[in-house]
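Down below is the structure, laid out as structure tokens.
The values are calculated or read from the model by the stated rules, or taken from the named source; none is laboratory data. What you see is a predicted model, and the numbers here were worked out from it, not measured in a lab. Cβ sites come from the backbone with ideal geometry, for glycine too, and all protein chains shown count toward neighbours.
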Amino acid sequence: MTAQHNDCEAEILEQAAEWLVRLEEGPLNSSEELLFQHWLAQSPLHQKLWQRAEKLQRKLHHRADYLPDHMAKRFLQAQKPAHPMLFKNLVLLLGITGIIGSGYFVVRTQAWDADYRTAYGEQRQITLADGSVLTLNSKTAIDIDYAQNERAIHLRYGEVYIETGKDRQQRPFHVYGQHGRLLALGTAFAVQQHEKKSTLWVTEHAVRIDTQYSHQQQTLAAGYQVEYDNHKIFNAQPLQTEQLLWRKGLLLANRYSMAQFSAMLTENYGVRVQLDPQQQQQLAKIEISGTFPSNDLNRTLQLLVTTYPVAIERSRFTGTVYISTKK
């Protein structure tokens, strides 16, 4: 293998790193997608090195499950290419995109050591020593901290449904999240945490909210839901129980626009969805209603295609789902 060939591979790897960084930020627009496909089609070597980078990325995302640096590097050693300098470049490539290292997406790098976590499209039920039952939705991470004076759940990210058990020691049951603290008052409830705000659904008894910074407090009774952030608790609304169907392995769309449905796919499956920019008006006229499996993306896309006048393509390189109208 010549030095010139090695330099060529190193240059392509650097270009691949730039594309991975861009893809981590969100779906490509139509111009970027054309540029990416043009870059990919330049040579078989471009395609080979891109596939290698994607393979390592997938393994670290799903199999290594966001390992810390020292463990991730040991994992990468098992995938080491023949040339050590190329391997070093590939590690750098993955580090730039935040797959190893700590700077790109703080939430992801905080997940590797969580007590319990789920992947995209996965639900998981946990029974604790006091009889409390936790059901984790797709892409959720939590920690359990039962101490002498408190039972605490720390929600790293995602959504969890909690049915509190009766504690012989009568310790309070708290859920700590990015936007505040919840106190369960003999109850069953769900909490979902996003970057800017959280949502609370109460199905039994009541839950008290204490916001992170302003310490605004409110007790929410069963049959209601509310959003809150670090400073404010918004107006409570009647409980929409269909939003909790994920506990039964279902996603519900009720007259969703294609944009709303795409956002639901992204949140549950972690897949990028791009609507055909040439057909925005036609796609905007389609309303989607029905239930879809929360743990089977292929089945969901199949149901969409057989029920509505849409066509779907998936990029075998980026995994992006492209939705257009049927021709």
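Just a few scattered comments:
- The lone exception for R272 - which of (1) of a type in the set (D, E, K, R); (2) surrounded by 13 or more Cβ atoms within 10 Å (Cβ to Cβ); (3) at pLDDT 95 or above it fails: (3)
- Residue in the range 247-261 that is assigned to a loop (DSSP other than H, G, I, E, B) and within 16 Å of R314 (Cβ to Cβ) present: no
- Residue check for L185: closer than 23 Å to G249 by Cβ and not acidic (D, E): no
- Cβ pairs under 6 Å, 6+ apart, first in the range 229-244 and in the same structural domain as G180 (by TED's automatic domain parsing), second surrounded by 13 or more Cβ atoms within 10 Å (Cβ to Cβ) and in a loop (DSSP other than H, G, I, E, B): D229/H179; D229/K197; N230/H179; N230/Q212; H231/S214; I233/Q216; L239/G223
- The condition of being surrounded by 20 or more Cβ atoms within 10 Å (Cβ to Cβ) and assigned to a strand (DSSP E or B) holds for I162.
- For D145, the conditions (1) out of contact with any Leu (no Cβ under 8 Å at 6 or more places or on another chain); (2) surrounded by 15 or more Cβ atoms within 10 Å (Cβ to Cβ) are fulfilled apart from (2).
- Every condition in (1) part of a strand (DSSP E or B); (2) over 30 Å from D296 (Cα atoms) holds for A190 except the one numbered (2).
- Entry remark, the range 1-31: residues being among the β-branched types (V, I, T), assigned to a helix (DSSP H, G or I) and modelled with pLDDT under 70 number 1 in total.
- The selection criterion, being under 14 Å from L252 (Cα atoms) and either in contact with a His (Cβ under 8 Å, 6 or more places away or on another chain) or not assigned by TED's automatic domain parsing to the domain that holds H194 (or both), holds for E267.
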